[in-house]
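Have a look at the structure below before the remarks.
The values are calculated or read from the model by the stated rules, or taken from the named source; none is laboratory data. What you see is a predicted model, and the numbers here were worked out from it, not measured in a lab. Glycine gets a Cβ as well: all are built from the backbone with ideal geometry, and neighbour counts include every protein chain shown. Note: accessible area is taken over every heavy atom of the protein model, side chains too, but ligands, DNA and RNA are not part of it. Shrake-Rupley method; radii C 1.70, N 1.55, O 1.52, S 1.80 Å.
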Amino acid sequence: QVQLVESGGGLVQAGGSLRLSCAASGTIFSDDVMAWYRRAPGKQRELVAATRGGSTNYADSVKGRFTLSRDNAKNTVYLQMNSLKPEDTAVYYCRAFSTGYVYWGQGTQVTVSS
């Protein structure tokens with residue numbers, strides 16, 4: 001059983017930065033897929049970034065601005081978000097795929113003001 005807890009969301013002005021954290025309790029292996037999703041008001045949930053092993057992929061909308069990293073020793077993944085835009089406003093969720101199961105965090109709100 002894995003539990004994911006996100007933190008680091010908040011209100012920021014456009015052009016600013018935030019760093020989200022996702023701490024996993026239980027065992028997450030370095031080869032497990034860890035990802036960040038977001039759901040903006042009135043929109044479907046979308047994949048922001050995902051990593052497995054040494055490979056990371058990003059949505060086109062965040063490439064060059066967001067960076068996903070993981071600390072396997074701490075069972076934590078991070079999402080560094082720079083040059084934030086109002087359209088980045090959403091609830092951000094951490095997702096893990098481990099040993100055949102999918103786990104979700106409770107989400108953290110990110111609001112970018114113009």
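The set of residues in segment 100-113 that are under 16 Å from residue 3 (Cα atoms), β-branched (Val, Ile, Thr) and either in contact with a Cys (Cβ under 8 Å, 6 or more places away or on another chain) or surrounded by fewer than 20 Cβ atoms within 10 Å (Cβ to Cβ) (or both) contains only 102. Among the residues of segment 62-99, those identified as open to solvent by 60 Å² or more (accessible area, probe 1.4 Å) and assigned to a loop (DSSP other than H, G, I, E, B) are 63, 64, 72, 73, 74, 83, 85, 99. On the stretch given as segment 46-75, residues that are among the basic types (Lys, Arg), out of contact with any helix residue (DSSP H, G or I) (no Cβ under 9 Å at 6 or more places or on another chain) and under 25 Å from residue 86 (Cβ atoms) total 1. Scanning segment 1-32 for residues that are open to solvent by less than 40 Å² (accessible area, probe 1.4 Å), at negative phi and in a strand (DSSP E or B) yields 4, 6, 12, 18, 20, 21, 22, 24. Residues that are small (Gly, Ala, Ser) and outside any loop (DSSP other than H, G, I, E, B) were ranked within segment 33-61; the one that is nearest to residue 7 (Cα to Cα) is 35.
Residue-by-condition table, conditions (1) at pLDDT below 95; (2) within 14 Å of the chain's Cα centre (by Cα); (3) on the phi > 0 side of the Ramachandran plot:
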site	(1), (2), (3)
43	no, no, no
55	yes, no, no
67	no, yes, no
85	no, no, no
91	no, yes, no
95	no, yes, no
99	yes, no, yes
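Figure legend. Inter-residue proximity from segment 46-66: first residues in contact (Cβ under 8 Å) with a residue 12 or more places away in the chain and over 14 Å from residue 78 (Cα atoms), second residues among the aliphatic types (A, V, I, L, M) and crowded, with 19+ Cβ neighbours inside 10 Å, beta-carbon distance below 6 Å, spacing 6+ or different chains. Indicated pairs: 59/48; 62/48.
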